[in-house]
Structures are given as C-alpha cells and as structure tokens.
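First up is the structure itself, then whatever we jot down about it.
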Amino acid sequence: MTFTALLTLSTLALAAPGQGQSDTTFAVPPGTRLSLTQVAGDVVVKTWDRNQVRVQATHSDQATLDLQLSGSVLQLRTRPVRGGWVGGARIADYQLTVPASMPLDLQGMNMDVSLEGTRGDVKVNTVEGDVTVRNSAGPVTVSTINGAIEVRGSTGRLELRSTSDDVTVTDARGDVLVDAVSGDIILRGIDARRVEARTVSGDVAFEGMLRADGRYSLLSHSGDVMIALPEGSHATVRTATAAGKVQAKFTLPAAEQPTRHRQVYRLGNGSATIELETFSGDVLLVRPADFPSRRNQED
C-alpha cells in the first residue's frame, strides 16, 4: 500500500493483518510529536526538511499497524491480533522519515533502534535491543534493559541507561549522564561542562575537553576508572579506591591531605573538578595519546 495524504482523520489504518508491507507519506502540523509503541522489530529513523512523515513497514500476519493524531501527538502503534503475539517473533520493522525537528518518543519490548540527524527531543525506552544515535542536535534520553547504547556526533544533553551492556559516546558536545549496571562506559571526544558516568560492574573511561567550570565524575564498583588529562590541564582530581591503586602515565604532584584510600591532586590552578572512584579496580590517569584507540574500542 503506497499513498500520500494529509492526515485529517483521527485514525488511519496503515496495514491490516496479512498485508506484509506498507509505505505511507502524509503531512503533519509543525510541532507534532511522534509516539511509537512497538512490540518486536527494528526501528530506523531518518530525517528530512519537510513537514511530512513517511512510514515504511514490514510486518507479520500477527500485527496490525495504525496511526492516530491526537492534538499535537502522532501515535503509531503495532497491535497484536489473533489473541496475542508469539514471544520472540518479529512483529514489525519500521523505517521512518520524519521532520528533523520532530520530537520522538519510541517504546518497545524487543526493539533495536537506529536514529540519525534528529534535532528534536528524543526518548527511547526498550527492554531488549541495541540503540544507535548519530548526528543528533537535541536532548537524547535512552533506556534499555538488555542492549548496548552507542551515540556519535551529538550536540545536546545525553541521558543514557543500560542495565546489561556497554555504553559508548563519541564526539559529543553537551552534558553526558550515563548509568550502567553490567557494562563498560567509554566516553571519547567529549566537550561538556558536566559528565557523570557510573557502572556497577565494568570499566569507565573518559577523554575530552576539560572546561574550567566543568565537573567530571567517573565511578565504578567493580572495574577500572580511566581519564585522559592533556598536558597543562587545570583540575582538582579527587581519587578513591578500596582494593585498587592510583596509577599515572605522568608525574603527579604531591597529594593534598592523602589517606590510605583517598587522595587529592591539584593540577595547574585546579579549576575543573574531577572525581574518580572505584571499589574493586584501579584509577588510571593517562595522556590522550595513551587512551584506547577507536579501533581497540570497536574490537
């Protein structure tokens, strides 16, 4: 089914059971937010400079797809038929092309998500599935229970949570807040005034610009914590370890008021604030050249 339409009715059926594929393009008012509720399948979002939404979908005979415009919210739902859906089955795969500034709210049970070029507020919540965000220019919030999160080239605030996989952020401008339970957190090429990265079981690593008024907090319960400090950095570095030690690839100044498990180091005028803590792991201070390469991260 392929057509172009102005969405004037409250509900538009995109596809009935058994149709398999749909391709629909329609106009939306400026400021419309897209809310997608997914059961199982991939969601790919691309953007364009039109006040139109294109929905391309491939779905199983267990699902119907429908669209409803309610006020300023455009709701796209995958509904089960025949009394429910079979666990583990792919219900529907979507490729969406939306206005670049359109806010997005994507929720699913078993859903891999890929977004590129968004400029609006983005929220993604999935139980099972990886989430990839590229070249976003607005705030992004991602939560996944069992899946990896990768963000590249963002220029807005990031709030990322993964319970059981790694989180990687590369070439980002804007505050970065990351929580993980079982997974590494790798932050590279970051330009932010505020960075908070915490994981229970995994390593945490940060490389990027240290702003004079910046606050950078890297915490792990069971894993190493690494930060790259360019030569001539101005920062107050507070470290805390229980079963590990502080290691540096360069000569550190004498610690201020050191104790067995906590130290404070003042680099330059000490303007930026850095907190590095791990219970079972080492604190590693390196130069940018010693930070793991992108190829090593991908491997």
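Note on residue 245: aspartates and glutamates with a C-alpha under 18 Å away, same-chain residues under 8 apart excluded, are 203, 224, 256, 275, 277, 282.
Seen from all directions on average, the chain presents a Cα convex hull projection of 17.1 nm². Since only 216, 253, 242 are under comparison, the one whose Cα sits farthest along the positive direction of the charge dipole of segment 213-299, derived from C-beta charges on Lys, Arg, Asp and Glu, is 253.
Considering only 288, 110, 48, and ranking their Cα positions along the charge dipole of the chain that arises from unit charges at the beta-carbon of Lys, Arg, Asp and Glu, the one farthest toward the positive end is 48.
Only DSSP H runs of four or more residues enter the estimate; each adds -39500 (n - 2.57), and after division by the residues of the chain the mean residue ellipticity at 222 nm equals -500 deg cm²/dmol.
Rounded, prolate or oblate, given the Cα gyration tensor of segment 43-162, with a/c below 1.5 counting as rounded? Verdict is oblate for segment 43-162.
Shape verdict for segment 141-240, please, from the Cα gyration tensor: rounded (a/c under 1.5), prolate (a/b greater than b/c) or oblate. Oblate. Note on surface exposure: 274, 145 rank 145, 274 by accessible area, highest first, 1.4 Å probe. Taking 18 Å as the straight-line reach from the Cα of residue 123, the lysines in range (excluding those fewer than 8 positions away in the same chain) are 46. Beyond 16 Å, the tail of the calculated P(r) for segment 227-274 holds 37 percent of the Cα pairs.
For residue 287, the solvent-accessible surface with a 1.4 Å probe is about 70 Å², rounded to the nearest 10. Calculate the FRET efficiency for residue 46 and residue 262 from the Cβ-Cβ distance with a Förster distance of 45 Å, rounded to the nearest 0.05. Using R0 = 45 Å, I get an efficiency of 0.40.
Count Lys and Arg as plus one, Asp and Glu as minus one, and take only other residues whose Cβ is under 11 Å from that of residue 277; the net charge is then +2. Projected label points at residue 200 and residue 37, each 7 Å from Cα along the beta carbon direction, are separated by 2.9 nanometres. What shape does segment 74-224 take by its C-alpha gyration tensor, where a ≥ b ≥ c are the square roots of the eigenvalues and a/c under 1.5 counts as rounded, a/b above b/c as prolate, and the rest as oblate? Verdict is oblate for segment 74-224.
The label-point distance for residue 213 and residue 97, in a model that sets each label 7 Å from Cα toward Cβ, rounds to 4.2 nm.
The values are calculated or read from the model by the stated rules, or taken from the named source; none is laboratory data. Treat the numbers as computed from the prediction; the structure is a model and nothing was measured. Virtual Cβ from ideal backbone geometry, glycine too; neighbours counted across all protein chains shown. In case anyone asks, the SASA skips ligands and DNA or RNA and just uses the protein heavy atoms, side chains included. Shrake-Rupley method; radii C 1.70, N 1.55, O 1.52, S 1.80 Å.
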